[in-house]
Number of protein chains: 2
Amino acid sequence: MFSNSSSHQGLSWAAERHRFIEAGGNTSHAFGLGRMIGRAYAMLYLATSPMSLDDIAATLRVSKASASTVLRQLASWQAVRQIWVAGDRKDYYEAETDFSVILKEGLMPGVRKKLQTAGTQIEKTLQSSTQKAPTTPANEEVAPADQAEIRRRLRSAQQLHQRLDKVLGSKLLARFL
Amino acid sequence: MFSNSSSHQGLSWAAERHRFIEAGGNTSHAFGLGRMIGRAYAMLYLATSPMSLDDIAATLRVSKASASTVLRQLASWQAVRQIWVAGDRKDYYEAETDFSVILKEGLMPGVRKKLQTAGTQIEKTLQSSTQKAPTTPANEEVAPADQAEIRRRLRSAQQLHQRLDKVLGSKLLARFL
DNA sequence: AACATTGTTCAGAAAATTTTGAACGTTCCC
DNA sequence: GGGAACGTTCAAAATTTTCTGAACAATGTT
């Protein structure tokens with residue numbers, strides 16, 4: 001006699017919750033954020049009361065060290081709030097369930113920062129290619145016509161970068177989500 | 001006597017190109033696409049004539065095996081085109097410089113697919129939580145009030161997913177970029 | 001037919017990332 | 001002060017991901 005509560009079709013709630021957590025991990029991982037981030041957030045998203053660090057580590061089957069770092073990461077994105085319970089020295093956490101907050105305060109700035117690096121490099125490369133270099137002796141194997149084409153492309157990339165950055169910065173997107 | 005062509009300030013073109021390539025790699029890596037993808041694309045983006053597999057592998061200092069796989073990946077995203085030169089058995093590649101094509105044909109479908117998995121799981125979890133379970137004996141430690149809250153959250157997540165998928169699917173975004 | 005050239009595949013090696021246990025710093029209580 | 005309860009940090013271990021060399025298939029050349 002197995003105490004597998006759910007009667008017909010479908011897994012028990014515990015099992016389904018586990019799947020949800022793993023799916024969260026896979027999703028965050030797929031976008032280059034690490035698997036723990038998604039797992040921890042997904043878990044808190046389904047928790048109706050704040051959880052302590054130990055609770056979280058235990059549920060995720062992970063060391064307290066991992067839990068600590070991943071939660072601070074999530075907190076820095078405003079994806080998780082720290083709750084102080086009077087007369088209890090533990091830190092409790094709950095998920096921010098308003099995605100627009102997480103997007104606006106956490107994810108977007110992160111994405112923009114990542115793009116920033118790329119943008120800076122495009123700029124530098126463009127400058128380097130624009131180098132007058134008026135008939136420099138060793139004019140390095142780049143024919144003038146090619147040079148023009150390269151500049152055209154770089155400017156195009158720069159434009160894309162600027163438009164993208166603008167969209168991500170605008171409140172429009174965050175509002176829409 | 002160093003033959004470092006560029007006169008004042010700034011690196012030589014070769015050096016700057018190298019930096020551009022690495023920046024491309026870092027960017028793609030930051031978004032979970034692997035470092036090679038960005039390096040290969042960045043390199044072809046600056047190449048004014050199609051390059052063979054060997055050229056590419058040599059320039060990136062990478063085995064032919066790596067080059068082969070990364071190029072097929074890029075081709076599947078329409079980020080790179082294969083060029084056939086008459087009477088030459090080699091495959092030549094050139095970059096698609098129109099980003100909207102890459103976005104629309106390559107990246108967006110990939111992103112949507114990644115989100116699809118998450119969406120499916122949300123759906124399943126929602127169903128599992130909606131399980132009538134009319135006073136099942138072992139009603140698994142979930143208070144009715146909590147259950148309601150969880151369902152609310154899951155529906156909210158589902159909505160976000162749907163909106164997101166819709167935006168990504170619409171031609172609007174691709175057109176804007 | 002034997003050989004050359006080229007791209008692909010895949011098991012294993014190399015490299016990068018993630019996870020952990022142990023040491024430590026704080027704060028609180030006895 | 002001594003000790004217990006927590007969270008954090010960090011070097012090292014475990015795991016995952018990426019890369020490579022060798023074997024191979026396909027096509028063309030002598």
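The values are calculated or read from the model by the stated rules, or taken from the named source; none is laboratory data. Because the structure is a prediction, the values reported are computed rather than measured. Here the Cβ is made from the backbone with ideal geometry for all residues, glycine too, and neighbour counts use every protein chain on show. Side chains included, ligands, DNA and RNA excluded: accessible areas come from the protein's heavy atoms. Shrake-Rupley method; radii C 1.70, N 1.55, O 1.52, S 1.80 Å.
Couple of notes before you dig in:
- Sequence-separation-based contact order of chain A, relative, with Cα cut under 8 Å and 6+ spacing, percent: 15 percent
- Selected from A:L71, A:L107, A:L115 as most flexible by GNM, with chain A as the system and alpha-carbon contacts under 10 Å: A:L115
- Panel note: contact residues of the stretch B:83-105 (accessible area lowered by at least 30 Å² against the chain on its own; 1.4 Å probe) correspond to B:T97, B:F99.
- Using the Karplus relation 6.51 cos²θ - 1.76 cosθ + 1.60 with θ = phi - 60°, the per-residue 3J(HN,Hα) values for the stretch A:18-27 come to 4, 5, 4, 4, 5, 4, x, x, 4, 5 Hz, with x marking Gly and Pro.
- Stokes-Einstein diffusion coefficient of the stretch A:13-95, Kirkwood radius over Cα pairs, 37 °C, 0.692 mPa s, in µm²/s: 259 µm²/s
- Heavy-atom accessible surface of the stretch A:73-162: percent carbon and sulfur, 1.4 Å: 52 percent
- Rel. contact order, % - alpha carbon contacts under 8 angstrom, at least six apart, the stretch B:13-97: 25 percent
- Accessible area (Å², per residue) of the protein assembly as shown, counting only protein heavy atoms and a probe of 1.4 Å: 59 Å²
- Counting Cβ atoms of other protein chains within 10 Å of each residue's Cβ and taking the mean over peptide A:18-30 gives 4.
- Binned Cα-Cα distance frequencies in the stretch A:99-176 - 10 Å width, integer %: 16, 36, 22, 15, 8, 2
- Taking trypsin sites (Lys or Arg not before Pro) across the stretch B:70-177, the ones in a DSSP loop with at most 12 further Cβ atoms lying within 10 angstrom of their Cβ are B:R89, B:K132.
- Distance histogram for the protein assembly as shown (every C-alpha pair counted, 10 angstrom bins, percent rounded to whole numbers): 5, 20, 26, 21, 15, 9, 4, 1, 0
- Summed buried accessible area for A+B [probe radius 1.4 Å, Å², rounded to 100]: 4700 Å²
- Principal semi-axes of the equivalent ellipsoid, √(5λ) from the alpha carbon gyration tensor of chain B, are 49, 19, 16 Å from largest down.
- DSSP-assigned coil residues among chymotrypsin sites (Phe, Trp or Tyr not before Pro) in the stretch A:62-105, each with at most 16 further Cβ atoms within 10 Å: A:W84
- Taking amide H atoms as placed 1.01 Å from N in the peptide plane, the amide H of A:Y93 lies under 5 Å from those of A:M51, A:S52, A:I83, each 5 or more residues away in sequence or on another chain.
- Relative contact order of the stretch A:99-176, pairs being alpha-carbon contacts under 8 Å that are 6 or more residues apart, as %: 53 percent
- Compared with its chain on its own, the stretch A:108-124 contains the following residues whose accessible area drops by 40 Å² or more in the full protein assembly (probe 1.4 Å; ligands, DNA and RNA excluded): A:K114, A:Q121.
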